[in-house]
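Enquirer: Below you will find the structure I want to go over with you.
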Amino acid sequence: MKKMLMKLVFIVWGVLFFFPFSTDNFLVEGASLPPVTSGNILPGPESGKDAKYYVTNQLIPGISNGTFIFLLMVSSIMLIIAGFFYLTSSGDTEMTKQAKDIILWTIVGVAIAALSYTFVKFIINIDFF
């Protein structure tokens, strides 16, 4: 069962690895990355002020949003798996304990992810300059 669970996690991670991290323009038709204007490899603005704006208002929030969404999807899958374990335990105390542990640590993980997401949003909104 663990091997099947690990395969499922790796498949979901592999699919979501190619999922765009920015949720702002995900469903907008014709949305794309900023154009490369100066022959640089990485997309984004040329000047320093525009680059700071790009990093603080688009890149970091996009990565934060994508990671948080990914963690919520994985935690939903883990809760479903824990519920399946709990329902099929048939009174087996070891399997029931395993299901309860999965539920507990999934909730702890979601709480930590929500706190880190809030922390990133708070830090980005501070104007240092």
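Enquirer: Take ASP127 and decide whether it is farther than 19 Å from LEU8 by Cα, modelled with pLDDT of 75 or more and charged (D, E, K, R).
Expert: When the stated conditions are applied, ASP127 does not pass them.
Enquirer: On to the next question. Can you tell me which residues in region 106-129 are assigned to a helix (DSSP H, G or I) and over 17 Å from the mean Cα position of the chain (by Cα)?
Expert: Result: PHE122, ILE123, ILE124.
Enquirer: Tell me which residues, restricted to region 84-106, are hydrophobic (A, V, I, L, M, F, W, C) and surrounded by 14 or more Cβ atoms within 10 Å (Cβ to Cβ).
Expert: Hits for region 84-106 are PHE85, MET95, ALA99, ILE102, ILE103.
The values are calculated or read from the model by the stated rules, or taken from the named source; none is laboratory data. Quick caveat: nothing in here was measured; it's all calculated off a predicted structure. Cβ coordinates were reconstructed from backbone atoms using ideal geometry, including for glycine residues, and neighbour counts include every protein chain displayed.
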